[in-house]
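Every number in this text was worked out from the coordinates using simple rules, so none of it is lab data. Because the structure is predicted, anything quoted here is derived from the model rather than measured. Glycine gets a Cβ as well: all are built from the backbone with ideal geometry, and neighbour counts include every protein chain shown.
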Amino acid sequence: MPKPHLLYVAWGYPPARGAGMYRALATANTYAEAGWRVTVLTATRETFESLTGTDDLAEKQIHPSISVVRVPFDLSRGETNLSRWTRLRVESPLLWSFLTALRERIAFPEPRYGSWRGPLVAAAREVHRTTPVDLVIGTANPNVDFLPGYYLNKSHKVPFIMDYRDTWHLDMYRGSRIGSRFSRSARWEKKLVSKASEVWFVNRPILDWHAQEFPNDASKFHVVTNGFDPEFLAGQENRQKSADGLTFGYLGTIYGPMPVRETLEGWRQARTRSPLLARSTLEIHGRLGHYSVPNAEMLELIESYAADGVRYMGIVSKTNVAKVYSRFDALLLVLGQSTYISSGKVYEYAGTGLPVASLHHPETASTTVLQNYPRWVAADAVSDESFAQALIELSDMVVNSAPEAQAQAQQFAERFERLKQLEPRISEWTNRVNTGSVTR
């Protein structure tokens, strides 16, 4: 029996950097390991070098059987070489920008990404022409990633899955709808959801919101949480406690309305109350913002706490996270307030088995994930005082932990492994394709 063929569409795929890349990498790899033939449509290396920076080590983690088709992406917006500008752009940059944005939105109502629709759909059709596709999964954002599945379904009845790594019309921080239900993008979303065979969301609150928006399609909605990839934690070493001071860590992207200032001020206050914390350090690893260059304002804020033992350590490749976690005695989970945000990082934090302090609003969705984690401290409010108290409790937990505590916490966290989140959906679709029960 020939292998079923998955077409996986992900703009953010290695060597792209960014949190969403890891879900895409793991999903495609897991399908390949499950016996599927996998073709990935993504952007070119030049695109990521220009916009996000690259992670060459993550690219080496792509399953060797996967075929990667890199689709050209229009980078003209970011072109700084004036010799490559058109005459119109030189003579009237504002008019050029207006016409470029208009052209993008005519193609698809998504700023910057709309113009990718044509090349992306054409590439999908070519893949299907040469090797017929059994299933398409598009992971967003950008939401243009959903279109190859829609068009192959329309022309060849190929089933497709929408994987909402992010949301399209839900503001996850405010819990409100973005834009009108009658906007062009909203009409596109409604059409796509109605034609999709399944729609995946990363947590229950986001699924429930969409179920209210699309009640007729709610029966095909599934929660597929992010989970963590145990292979990236392999080699993590248990750190020996030291009375000379502890090392606390944050590893992840800092963006949006995250309580970074409250975290740093809480750290400063905690150090005045705890002699142990006064001898300790806080290391921040990861991105400051979504681009390859750190956000200058955020970097300046972090560096202003250097005298308090705070250090910004730079961007980390996913393949090096085990080494980074081995530096820490405990972890700080810093997130913006939202009922809808659980963060992919929370699962990996649990997978380390290290003590974790949640420095975010109690309503944030990650609270549910960590509720029964055995090495967890949670701030009861977003404030300097509450964060300081949580940090003191966290340091006490580190000092008073039994030698076997980390192994026990890691065993508890095995339920969060990404494969365990994906396996039910992969098994379902493998069975459907192999038995010919796919509705086309």
- Span-like helices, the chain: DSSP H, alpha-carbon axial extent 15 Å or more, mean Kyte-Doolittle -0.5 or greater, which ones? 19-33, 93-107, 117-130, 384-400
- Charge dipole of the chain built from unit charges on the beta carbon (Lys, Arg +1; Asp, Glu -1), centred at mean Cα; most positive-end Cα among P148, G286, N226 is P148
- Query: Of W200, W11, W209, which has the largest mean-square fluctuation in a 10 Å C-alpha GNM of the chain?
  - Reply: W209
- Dipole of the range 230-416, positive end: most advanced residue of I315, V399, V369 [Cβ charges, Cα centre]: I315
- Cα gyration tensor of the range 340-393, axes a ≥ b ≥ c as square roots of the eigenvalues: rounded (a/c below 1.5), prolate (a/b > b/c) or oblate? oblate
- Where a ≥ b ≥ c are root eigenvalues of the Cα gyration tensor, a/c under 1.5 meaning rounded, otherwise prolate if a/b exceeds b/c and oblate otherwise, the chain counts as prolate
- Could you give the size of the charge dipole of the chain about its Cα centre, using +1 on the Cβ of each K and R and -1 on the Cβ of each D and E, expressed in debye and rounded to the nearest 20? 1740
- Taking the simple approach of a point 7 Å from Cα along Cα-to-Cβ for both E231 and T435, what is their distance in nm? 3.0
- Item | the chain: most fluctuating residue of S280, S317, S401 per GNM, C-alpha cutoff 10 Å | S401
- Task: Before rounding to the nearest 500, sum -39500 (n - 2.57) across all DSSP H runs of length at least 4 in the chain and divide by the residue total; then give [θ] at 222 nm in deg cm²/dmol.
- Result: -12000 deg cm²/dmol
- the chain: most fluctuating residue of I161, I284, I178 per GNM, C-alpha cutoff 10 Å: I178
- Projected area, mean over directions - the range 308-440, Cα convex hull, nm²: 11.3
- Message: Quick check for me: using +1 on Lys/Arg Cβ and -1 on Asp/Glu Cβ, what's the dipole size of the range 234-278 about its Cα centre, in debye to the nearest 20?
- Response: 120
- Message: Need one number for the range 161-277: average projected area of the convex hull over its C-alpha atoms, nm².
- Response: 11.0
- Query: How many angstrom lie between the C-alpha centres of the range 237-300 and the range 315-344?
  - Reply: 11
- Report the extension gain between L99 and N320 in nm, rounded to one decimal, defined as 0.36 nm multiplied by the number of residues separating them, less their alpha carbon distance. 75.3 nm
- Got the relative contact order for the chain handy, in percent, Cα pairs under 8 Å and 6 or more residues apart? 14
- Nearest 20 debye, what's the magnitude of the dipole of the range 278-383 about its Cα centre given +1 on Lys and Arg Cβ and -1 on Asp and Glu Cβ? 420
- Message: Taking the number of other C-beta atoms within 10 Å as the exposure measure, put M298, M313 in order starting with the fewest.
- Response: M313, M298
- Message: Would the range 63-206 count as rounded, prolate or oblate if I go by the C-alpha gyration tensor, calling it rounded below 1.5 in a/c and otherwise prolate when a/b exceeds b/c, oblate otherwise?
- Response: oblate
- Query: Taking the range 230-307, which GluC sites (Glu not before Pro) meet the DSSP loop condition and have no more than 15 other C-beta atoms within 10 Å?
  - Reply: E237
- Entries in K195/K318; K3/K220; K157/K191 that, when Cα-Cα distance is taken, lie over 27 Å: K195/K318
- Task: Starting from the Cα gyration tensor of the range 230-416, multiply each eigenvalue by 5, take the square root, and state the resulting semi-axes largest first in whole Å.
- Result: 22, 19, 17
- Give the residue from Y305, V324, A388 lying farthest towards the positive end of the charge dipole for the range 300-392; charges sit on Cβ (+1 for Lys and Arg, -1 for Asp and Glu) and the dipole is referred to the Cα centre. V324
